[in-house]
């Protein structure tokens, strides 16, 4: 079979909101009514003033669950998962509604947010090996047809596509495993998708799958990206086709200081393969709390994180990632369910009842005072970090300490006065004195007693005027580098220096299934490459995350592996992970789609997932709600649709 869509050119017909509303006026009225029920923003009248467009570099995963709250937070883009095995469960001629209903996507677009689509989930009929379930390598002619069809259906609405999720999790017995193929298989998947999407519209962007980084690092393997690009570079057609991708994507959790080291390593891997001009997205990031009394972890979490540390993490992670060269950063996620069976800790900026965690206000402060930036510059003096954002007529300097004690610092002034903003978004007018500001930085609370994962609560200094290359931090007495590897170092004026990690012995190597011994992807002490438009002063002694030849316990500043498994569903005892997705009980705002469709979290904690979900009735089909699922997020849409269709049929009958 050829790569042409088995559905033919008719698949190019947009099945979205406007095309449905044109022929069905009564249906349109019903859907407009239920916009109010769902709390979706109304469609703007012609000529009406529009709210300012949010900065698309700041994202929140699955913001459609509460579009208004996401708008208040300032989110500029969101990622949604669109599953192949939901759209085409029964064969190549099958085409059903996607697991994220069109009105929810329309709400996001109306709010000015970009929607990024993630494609995943091989249906059994298209699998090379059906026994592998949704993670099977697909037959590429069917995959090409599906991807082309999705690009056609969402043309004008989705301009960025992510191809699969975390294929670097190679252990098939891990609940987060989503890909049963090799690096060569994934390249075929990526190449096929790239060509299919570009055939619809060459301006559409194609991202590699989000990678964990730490899965390979913790197992002593050369980075998946490094191994994959070996395959890409060997393809003689790759260079002529932009190497079949526009951006690389990573998922980083818990420890903000890792972001610059990971991004530097990724930049080095790209450069060593002669690949330039690629964006780097941090498409998932979070440090989920373990002390929220309203929604406690259901088992012992790997790390202890307070609500206040989660808020501090948001500001530090976004600041460091952008300073290191990330093109986009996205928080995972807007809201978690009440019992969050998909993850030990609750991950949302919002709780299940839509109440806001402190991290929500921190995210608002980030988008308010960093949005629209032109460049970002990182400095470090001792235990104090500062990232200066040039916003074109305004400068925001983010400052914090990683030390346990409060720190008094002086910051060189640009203007005669500034607003000093805390992690909750509260602003205080601060006058300059003798050309500088004196700022008290709270010490790190270090809820995880064994190590400080997150620094102290940051402060944002907002001034009128541009930085003009200003070094923000005034001279501090630099501490010395300790033998334990504590992040203590003096300012390096001679240019960027790649962070290094103190040596740590590891246990005897255990070969992974199908793996071979591979060299590390980069050596310590090499220059840290920076993307165009960014500059950085980075000191020695900052822990970098270098792969090792042997697996070992994660060191002091190395994150646990966090896996977002797009095809994972908590399942009853005896149910195999390769079975079809099941419908989880609907939460207060739960959707009618399978529970595994919202980038479910599974962490390598040694804990078994709870068997809380019930299998779908035999007659039900993924994407079509039954029973209590009608009352989920999209329930009113389905009820309104059925009612409107009945009214339309009645009206047509009366005309006859």
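The values are calculated or read from the model by the stated rules, or taken from the named source; none is laboratory data. No experiment lies behind these values; they were computed from the predicted model shown. Backbone-built Cβ (ideal geometry, glycine too); neighbour counts: all protein chains shown.
Values computed for the structure shown
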read-out	value
Residues of the range 347-378 satisfying the condition of being more than 26 Å from residue 307 (Cβ to Cβ) and buried (at least 23 other Cβ atoms within 10 Å of the Cβ)	376, 378
Scan of the range 108-127 for residues that are assigned to a helix (DSSP H, G or I) and out of contact with any helix residue (DSSP H, G or I) (no Cβ under 6 Å at 6 or more places or on another chain), ordered by number	109, 110, 125
Failed item in (1) part of a loop (DSSP other than H, G, I, E, B); (2) surrounded by fewer than 23 Cβ atoms within 10 Å (Cβ to Cβ); (3) in contact with a strand residue (DSSP E or B) (Cβ under 8 Å, 6 or more places away or on another chain), with residue 159 passing the rest	(1)
Test: residue 194 is closer than 20 Å to residue 327 by Cβ, in contact (Cβ under 8 Å) with a residue 12 or more places away in the chain and assigned to a helix (DSSP H, G or I)	yes
Whichever residue in the range 128-144 is in contact with a helix residue (DSSP H, G or I) (Cβ under 8 Å, 6 or more places away or on another chain) and not in a loop (DSSP other than H, G, I, E, B) and, among such residues, is surrounded by the fewest Cβ atoms within 10 Å (Cβ to Cβ)	130
Cβ pairs under 6 Å, 6+ apart, first in the range 111-140 and on the phi > 0 side of the Ramachandran plot, second assigned to a strand (DSSP E or B) and crowded, with 18+ Cβ neighbours inside 10 Å	121/83
Residue match in the range 204-222 (condition: surrounded by fewer than 22 Cβ atoms within 10 Å (Cβ to Cβ), within 24 Å of residue 108 (Cβ to Cβ) and either free of Cβ contacts under 8 Å to residues at least 24 places away in the same chain or out of contact with any helix residue (DSSP H, G or I) (no Cβ under 6 Å at 6 or more places or on another chain) (or both))	yes
Test: residue in the range 314-322 that is part of a loop (DSSP other than H, G, I, E, B), touching a strand residue (DSSP E or B) at 6+ places or on another chain (Cβ under 6 Å) and crowded, with 24+ Cβ neighbours inside 10 Å	no
Qualifying residue in the range 280-298 (condition: out of contact with any helix residue (DSSP H, G or I) (no Cβ under 9 Å at 6 or more places or on another chain), part of a helix (DSSP H, G or I) and surrounded by fewer than 17 Cβ atoms within 10 Å (Cβ to Cβ))	no
The range 204-258: number of residues that are within 20 Å of residue 176 (Cβ to Cβ) and over 22 Å from the mean Cα position of the chain (by Cα)	4
Residue match in the range 451-462 (condition: buried (at least 18 other Cβ atoms within 10 Å of the Cβ), modelled with pLDDT under 95 and over 19 Å from residue 414 (Cβ atoms))	yes
Odd one out for residue 176 among (1) in contact with a strand residue (DSSP E or B) (Cβ under 7 Å, 6 or more places away or on another chain); (2) within 15 Å of residue 85 (Cα to Cα); (3) part of a loop (DSSP other than H, G, I, E, B)	(2)
